[in-house]
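Worksheet for the structure shown next.
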Amino acid sequence: MSLTLYYHPLASYCHKVLVALYEHDIAFEPRIIDLGAEEDRAELGALWPFRKFPVLRDHERQRTVPESSIIIEYLDPFAALPPLIPQDVNDALQVRLWDRIVDSYVHEPMQDIVLDHLRGAKGDTSGLRATLQTAYGLLDTQLATRPWVAGHAFSMADCAAAPALFYAHTLEPFPEPLVHLRAYFERLMERPSVQRVLAEAKPYFPMYPFHGAIPARFL
Ligand SMILES: N[C@@H](CCC(=O)N[C@@H](CS)C(=O)NCC(=O)O)C(=O)O
């Protein structure tokens with residue numbers, strides 16, 4: 001496979017795909033997009049008019065693949081086992097469900113809080129923070145009986161959860177009583193693929209507006 005990934009090392013949805021690529025040990029050409037540079041914005045916009053990353057270009061198959069979950073689904077059949085989306089239909093449905101829960105109720109509110117800050121809007125983020133807390137509670141219950149969020153195997157849903165929870169916990173710390181969520185977060189942070197992504201993000205962390213809330217062990 002001949003792949004180019006358009007991404008930024010600080011961007012959480014890009015982390016999700018990087019974790020999957022590193023889990024599978026898939027080689028790719030990294031193309032860092034600086035959204036502050038007009039040329040880069042135009043290059044990304046030519047591939048995907050919403051100008052959001054990650055975007056994958058498969059040169060062999062002449063395919064442009066946007067959207068983090070779709071990129072992971074696209075790569076999975078070509079990748080080494082075990083898959084990130086299980087072959088069993090019901091197990092796969094659980095993975096997709098938890099991938100959606102994490103993206104919709106952790107990733108999106110986390111991003112909206114950060115964007116609100118970056119725009120200087122200083123809007124009322126209490127609703128977004130309440131959504132994060134609801135998601136934390138649901139995740140804690142789910143993780144009481146399984147090591148990974150959708151079951152016994154590390155999956156696409158965990159690729160989503162690692163960056164979403166990493167940034168979310170700098171905005172809304174995990175409540176002390178949610179011991180299963182806290183232990184899960186530690187398992188995620190110990191995963192070599194996640195450690196590699198965070199190590200690559202490290203030089204860029206000062207650009208993150210809440211970098212003061214990133215625990216010292218990641219800096
Ligand atoms: N649903 C998309 C979301 C992608 C997304 O929001 N990417 C962010 C970076 S984490 C982005 O491109 N932000 C730049 C912008 O919105 O201008 C996915 O799953 O890939």
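When residue 46 is tested against (1) free of Cβ contacts under 8 Å to residues at least 40 places away in the same chain; (2) among the aliphatic types (A, V, I, L, M); (3) crowded, with 21+ Cβ neighbours inside 10 Å; (4) more than 13 Å from the ligand (Cβ to nearest atom), just one condition goes unmet, and that condition is (3).
Okay, residues lined up against (1) more than 10 Å from the ligand (Cβ to nearest atom); (2) over 18 Å from residue 159 (Cα atoms); (3) assigned to a helix (DSSP H, G or I); (4) touching a residue at least 40 places away in the same chain (Cβ under 8 Å):
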site: 41; (1), (2), (3), (4): no, yes, yes, no
site: 61; (1), (2), (3), (4): yes, yes, no, no
site: 72; (1), (2), (3), (4): no, no, yes, yes
site: 86; (1), (2), (3), (4): yes, no, no, yes
site: 92; (1), (2), (3), (4): yes, no, yes, no
site: 106; (1), (2), (3), (4): yes, no, yes, yes
site: 112; (1), (2), (3), (4): yes, yes, yes, no
site: 120; (1), (2), (3), (4): yes, yes, no, no
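When the test is whether a residue is out of contact with any Cys (no Cβ under 8 Å at 6 or more places or on another chain), within 11 Å of the ligand (Cβ to nearest atom), part of a loop (DSSP other than H, G, I, E, B) and farther than 25 Å from residue 158 by Cβ, residue 35 passes it. Considering 135, 153, 164, the condition of being under 17 Å from residue 185 (Cβ atoms), hydrophobic (A, V, I, L, M, F, W, C) and either within 13 Å of the ligand (Cβ to nearest atom) or not in a helix (DSSP H, G or I) (or both) is satisfied by 164 alone.
Quick check on this structure: which one of 55, 65, 95 is modelled with pLDDT of 95 or more, assigned by TED's automatic domain parsing to the domain that holds residue 157 and crowded, with 18+ Cβ neighbours inside 10 Å? One residue alone meets the criteria, 95.
Quick check: is even one residue across the range 5-12 more than 14 Å from the ligand (Cβ to nearest atom) and either without any contact (Cβ under 8 Å) to a residue 60 or more places away in the chain or crowded, with 22+ Cβ neighbours inside 10 Å (or both)? No, the range 5-12 contains no residue that is more than 14 Å from the ligand (Cβ to nearest atom) and either without any contact (Cβ under 8 Å) to a residue 60 or more places away in the chain or crowded, with 22+ Cβ neighbours inside 10 Å (or both).
Out of 132, 178, one residue alone is surrounded by 14 or more Cβ atoms within 10 Å (Cβ to Cβ) and under 26 Å from residue 67 (Cα atoms). It is 132.
The values are calculated or read from the model by the stated rules, or taken from the named source; none is laboratory data. In this text the structure is predicted, and so the values were computed from the model without any measurement. With ideal geometry, Cβ positions are generated from the backbone for all residues, glycine too; neighbour counts draw on all protein chains shown.
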